[in-house]
Amino acid sequence: MAELEFIHVNKVYGNETVAVRDLNLKIDEGEFVVLVGPSGCGKTTALRMAAGLEEISDGEIRIGGRVVNDLAPRDRDIAMVFQNYALYPHKSVYENLAFGLRMRKVPKAEQRRRVEEIARVLGLSDMLQRRPAQLSGGQRQRVAMGRAIVREPKAFLMDEPLSNLDAKLRVQMRAEIARIQQALKVTTLYVTHDQVEAMTMGHRVAVMRDGILQQVDTPQRLYDAPTNLFVASFVGSPPMNLMEAGVEREGNLLVCKIGDARLELPADVVAERPALAEFAGGRVAIGIRPEDVREASGWDGARLRGRILLVEALGAEQLVHIEIAASPLGRGDLVDTTAQPPGPSLGGVGDVERAVTLLGRFDRHLLLLPGEAVDVAIDPRLLHFFDLETGASIPTVDVPVAAEVAG
Amino acid sequence: MSAITPIAPTPVTPVTTRRSRRRRVRKAGWNLLGLFVLVVMAFPVYWMVATAFKPGRDALSYTPQWIPLHPTLDNFSEAINRPHFWDSVKNSLIIVSVVVVLSLVLAFLAALALAKFRFYGRKGVIVVILGVQMVPLAALIIPLYIMMSKAETTRGLHYVLGVDKLSGVIVMYLTFVLPFAVWTLRGFIDGVPRELEEAAMVDGTTRFGAFVRILLPLVGPGLVATSIFAFILAWNEFIIAYVFLQSPDNQTLMVWLASFTSLRGTEWGPLMAGATLCAIPVVIFFLLVQKRIAFGLTAGAVKG
């Protein structure tokens, strides 16, 4: 077991295509870090560089404090789980599991003991003599995991190991992998494009985009304080509602204008974000999580008038699409394109440029019907503010004020 | 049950029967066509073997004799006792085994490069390999002959190349067996996911170790299949052998078979007996290796 460190790592293909740009990431001993991002963002390349399957163009990768740039994969003492499992089809499950041990000249008896123990833990004892072709997808996945575990390596590298499984099995294996990692306490770097996987499995999550690391933090911090519009739109399902809003100064107050609605910003919100005052007279991007969008009955703060487009009943809650008058984000390049909220309705409020569909997670007991008008309450304390130019979040500073959050 | 759940509609019978009857007729048509093709393919082989067992009179009879009524082994003994039979067998075996081994080794390495590495001119090489096979062999005979006779007088080359030399024929056979073998093997190597070797390398093998322990066993069936085709190509080749191997000591079995046809006519009985004998090694070779191919088909089914 050891720590895994990327220090100013770059990967350039040919002369121009940059896959990974100045990656700095340290995975502590026993830590589970998930590298997440849309496809083509360089996350798999980063993982393969750590495994030694891809050359490092520039920078250093250290495993357990030792620079491994020029070491062959077999000398790095890491284990990798591949997206398509990469089980050796001509070998039995037993031979697949024992292969790494055999290559490392572990004594036969010891090999047998370890393979059988792993097989027992993973529930593969009955199928040691089978070939991979005779296994189901979930069983192959287990064998692939077992092959990594049995070696007792310094670090696990996992490249989207769950993406070939069906949805139900994926949820099950997700928990299983997290449990195994916790039990073994092996440093793990896990790559996925699925932000739900990232949030549920990782101690820390590293969000990557276009080869550049955006933010590394605990899942909760990532969710509560995304560092820019991309992370805000990428993390969370359904994604954060994002729109443009004006900021104006009215006397001592800062006011946020969403469409025609006025939203007074409480003093503590402004105090937390000193930079927000500089945007007075200009525009910012604001975001609000679907669970923070509320129906306005009994709310004495600012309201947004909206119209219900669609109600998706999820059982425990309902997901409501509400059209409000506001400006959609102009800068599509700053957000995750796959997580874009649904476009404006057909024949809705009228002006397409001025309509935003707000996703809200509402209590299932609330009776809401498509086509109805609805008032939406927005608590300014739950808003996220971003610079429209750079996409960066407007930084918050710690202000020791116990702010009461509307409920 | 059906009283409670009237959702499942009762099938409309007349339409389905008509459709299924039409389908059955179409199926029977395809089967007939398949049977016809089988007969066209298999009959000449049967006729060859049957004729080999017929005495000379029956072989030439105008009313076709579907099965040999007076089976005899005379034709075989006559064929075997003909001059140069055993020389021809020896020559054919030497040429074919050298061609198969050399072409497999060279083609495997070439196919590996084409499948695994991205180098400048890779596409060009692939196109040339395919294109070379389009050139009719007969058109090359004269240029080849000129080259070979020149090579005979060139120092160094004359050890290997030249007219009436087995080694010269081997080199010429390689020119058409190799491209074919490279092409086939490339397909087999491409079918093995790259991750398998990578997994082996992470598991502790060297690059070469991954090649030997993972890639080679998986491509094995491909090697076997390719070797069968290379064997057949080289074994059955006639024109080059006929033109270049002039002395009777050097001729191959195919050239030896041609000697049954002379100015006085063709000795059909012994010719068919000889042809049957020539087919036997191919059949034996195939029987020896076909088990490996069958295994290969199931192994290839697992992708990753």
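A short reminder: the numbers here are calculations on the coordinates, not readings from a lab. Predicted, not measured: the structure shown is a model, and the values here were computed from it. Here the Cβ is made from the backbone with ideal geometry for all residues, glycine too, and neighbour counts use every protein chain on show.
Before moving on, here are some points about what is shown:
- Cβ-placed point charges (K, R +1; D, E -1), dipole of the protein assembly as shown about Cα centre in debye, nearest 20: 3900 debye
- Convex hull volume per residue, computed on the Cα atoms of the stretch A:1-135, equals 146 Å³.
- Spatial separation of Cα centroids for the stretch B:93-158 and the stretch B:210-253, in angstrom: 13 Å
- Cα gyration tensor shape for the stretch B:81-127, rounded if a/c is under 1.5, else prolate or oblate: prolate
- Dipole in debye (nearest 20) - chain B, about Cα centre, beta carbon charges: Lys, Arg +1; Asp, Glu -1: 1560 debye
- Considering only A:MET127, B:PRO193, A:ILE394, and ranking their Cα positions along the charge dipole of the protein assembly as shown that arises from unit charges at the beta-carbon of Lys, Arg, Asp and Glu, the one farthest toward the positive end is A:MET127.
- Stokes-Einstein D for the protein assembly as shown, Kirkwood Rh over Cα pairs, 37 °C, 0.692 mPa s (µm²/s): 101 µm²/s
- Measuring gaps between exposed loop sites in chain A (trypsin sites (Lys or Arg not before Pro); DSSP loop; at most 16 other Cβ atoms within 10 Å), the longest gap, sites not included, is A:186-330.
- Anisotropy class of chain B from Cα gyration tensor, a/c 1.5 cut: oblate
- Proximal lysines to A:LYS108, defined as alpha-carbon separation beneath 21 angstrom and excluding residues fewer than eight positions away on the same chain: A:LYS91
- Charge dipole (debye, nearest 20) of the stretch B:83-259; +1 at Cβ of Lys and Arg, -1 at Cβ of Asp and Glu: 460 debye
- Average beta carbon contacts from partner chains per residue of A:149-159, 10 Å cutoff: 1
- Label-point separation in nm, A:ARG364 to B:PHE85, each point 7 Å along Cα→Cβ: 8.9 nm
- Using θ = phi - 60° in the Karplus curve 6.51 cos²θ - 1.76 cosθ + 1.60, the 3J(HN,Hα) couplings for the stretch B:121-130 round to x, 4, 4, x, 4, 4, 5, 5, 4, 6 Hz; x is entered for Gly and Pro.
- The ratio of the alpha-carbon radius of gyration of chain A to the globular-protein estimate 2.2 N^0.38 Å is 1.15.
- FRET efficiency for the pair B:LEU263 and B:VAL39, taken as 1/(1 + (r/R0)^6) with r the Cβ-Cβ distance and R0 = 41 Å, rounds to 0.75.
- In order along the stretch A:378-388, the phi-based Karplus estimate (6.51 cos²θ - 1.76 cosθ + 1.60, θ = phi - 60°) of 3J(HN,Hα) comes to 10, 8, x, 6, 9, 7, 10, 10, 9, 6, 5 Hz; Gly and Pro are listed as x.
- Taking amide hydrogens as placed 1.01 Å from N in the peptide plane, the amide H of A:GLN215 sits under 5 Å from those of A:VAL207, each at least 5 positions away in sequence or on another chain.
- Paired Rg and Dmax values of the stretch B:45-123, which use every Cα atom, in angstrom: 22.9, 66
- Counting neighbouring Cβ atoms within 10 Å and putting the fewest first, the residues B:CYS278, A:CYS41 line up as B:CYS278, A:CYS41.
- Sites A:ALA175 and A:ALA225 - FRET efficiency at Förster radius 30 Å, r taken between beta-carbons, to 0.05: 0.70
- Largest-first ellipsoid semi-axes for the stretch B:83-259, taking √(5λ) over the Cα gyration tensor eigenvalues, angstrom: 35, 18, 14
- For the residues of A:96-106, the average number of beta carbons from a partner chain within 10 Å of their own beta carbon is 3.
- Test item: A:80-86 mean partner chain Cβ contacts at 10 Å: 6
- Approximate spin-label separation A:ILE212-A:THR396, in nm, with each point projected 7 Å along Cα-to-Cβ: 2.4 nm
- Under Karplus coefficients 6.51, -1.76 and 1.60, residue-wise ³J(HN,Hα) of the stretch B:220-228 in Hz, glycine/proline x: x, x, x, 4, 5, 4, 5, 5, 4
- Selection from A:PRO328, A:ALA377, A:ALA98 lying farthest towards where the dipole of chain A points positive, charges on Cβ: A:ALA98
- With the simple spin-label model, which puts each label point 7 Å out from Cα in the Cβ direction, the A:SER39 to B:PHE119 separation comes to 3.2 nm.
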